[in-house]
Amino acid sequence: MPPVSAHSWWHYPESGGWPDRAGWVRARILDQATDRHPHRSRLVRSSARHTHHPSRRPRIGRRGTVSAVAALAAGLIVAGVMAPPAASAGGRPDGVQRGLDSLVGPAGSVGAPGALASVADRHGHTRTYTAGVGDIATGAKVPRDGRVRVGSNTKAFTAVVVLQLVGEGRIRLDEPIETYLPGVVHGDGIDGNVITVRHLLQQTSGLPNYTEYNLQLRYYEPRELVNIALRHPADFAPGESWKYSNTNYVLAGMLVEKVTRHPIAREFDQRIIKRIGLRDTYFPAPHDSTIRGPHPRGYDRESPGAPLTDITEMDPSWAWSAGQMVSTDSDLNRFYGKLLKGDLLEPAQLAEMRADTRPAEKTFGPGARYGLGLVSKPLPCGDGGELYWGHGGSFPGYETRGGATDSGRAANVAVTVQLGDEAARQRVDDIVTGALCRR
């Protein structure tokens, strides 16, 4: 395939494993959490049978009925408390519900088919919310606290595992990556003897971002992704600037596997998921293009007013330890809450994660700063000095935003379309900050 500009749409030929797929749908590729860089784009294939017009009435079928009944019967139990319906004392939907309602449908502010949210107060009581439809083809409701692809929230998980290994004395933050992955990180202006583990986690390595270049919708080994980046010159010398690069976190995942001699999925599972009881979070196995368990479908729209196309099922290996995780809003709240509480890292490593943050407003929005796989943003309430910490994620078909505060509050919101403009992302962010500011 001939090379194309990073500012072009990428086209690629038919590949095996997609027998029912036809046509092409434009979708922006993985950012970090918010990708404010429109050139990080590509075309992904999706089934013609999943293309729908927003104006067409959804069909309420058996599948939708079963899903709705199951959701009502099962409810959601968090911290031993059944989450009540989202309404204020006067019966009017509260601010989070009104916010979600404003996002969805053809007339919604971001045009998402569905939206989900989970909000936890400082006592651990959780309330979940849904809006819109979970499956345009059947009219099924959005499953309460359904699973979604959470994109670059994966980076926070990867950073936690690396920092756990630092605490165990198995990795040193300021050691060159060459020590652990000899011969891997070399190229034009790129030297693994100079790039440290800290540079990777902090996004200050200067390594090119492989998702800015030509990717095909197929299975990738992590080393392949790194090699795509290494064909291009460094963006800057290590430590001299800050720029978001998914390459950093694929290398961090390779580092974990080299040091532990285990697949990173096992390390996520043992060190984080089981340790703090994340019931709906998992790292997809190789070649698994599905989302297991209750989930809303993820969609793409090529342009405003264009038909929506279902892109739920795809091989996520191109994102790997930079963005492959599947989770729920409630599990993300629990993860960030437990992380800030000190249940995942020793005090020294948690302090490293939040210290020496770098300005990241161009990528994450006003006031954002990037630590070691963790992003801080100011809350607009109170005296203006309180921060919330999270990461967020953007993946074709889904967008997730949120985080937690040191006081124990947490909120996450997901929509079932990847957001392509800053105004849409800000509307979702506003729901998060509104929930976190509510006392």
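When a/c is below 1.5 the answer is rounded, else prolate if a/b is larger than b/c, else oblate, so apply that to the stretch 354-420 with a ≥ b ≥ c taken from the square roots of the Cα gyration tensor eigenvalues. Prolate, because a/c is 1.5 or more and a/b exceeds b/c. Spatial offset of the stretch 91-130 relative to the stretch 330-407 amounts to 20 Å, using the alpha carbon center of each. Remark: SER241, SER321, SER102 ranked as SER241, SER102, SER321, counting other beta-carbon atoms within 10 Å and listing the fewest first. Each residue in PHE283, PHE364 was given a count of other beta-carbon atoms within 10 angstrom of its own, and listing them fewest first yields PHE283, PHE364. The slack in the chain from LYS362 to GLU422, taken as 0.36 nm per residue of separation less the alpha-carbon distance, amounts to 20.6 nm. Counted by neighbouring Cβ atoms within 10 Å, the residues LEU207, LEU103, LEU350 run from fewest to most as LEU350, LEU103, LEU207. Taking θ as phi - 60° and the Karplus parameters 6.51, -1.76 and 1.60, the scalar couplings of the stretch 421-438 work out to 9, 5, 4, 5, 5, 5, 5, 5, 4, 5, 5, 4, 5, x, 5, 6, 7, 5 Hz in sequence order, x denoting glycine and proline. Amide hydrogen proximity for TYR398: with H placed 1.01 Å from N in the peptide plane, the residues at 5 or more positions away or on another chain lying under 5 Å are GLN418.
Residue pairs exceeding 21 angstrom between C-alpha atoms, taken from LYS155/LYS377; LYS155/LYS274; LYS274/LYS341; LYS141/LYS338: LYS141/LYS338.
Shown here for the stretch 119-187: trypsin sites (Lys or Arg not before Pro) in loop regions (DSSP other than H, G, I, E, B) with at most 16 other Cβ atoms within 10 Å, namely ARG122, ARG170, ARG172.
Values in this text are rule-based calculations from the coordinates and carry no lab data. Here the structure is a predicted model, which means the values were calculated and not measured. Counting neighbours? That spans all protein chains shown, and the Cβs are built from the backbone with ideal geometry, glycine included.
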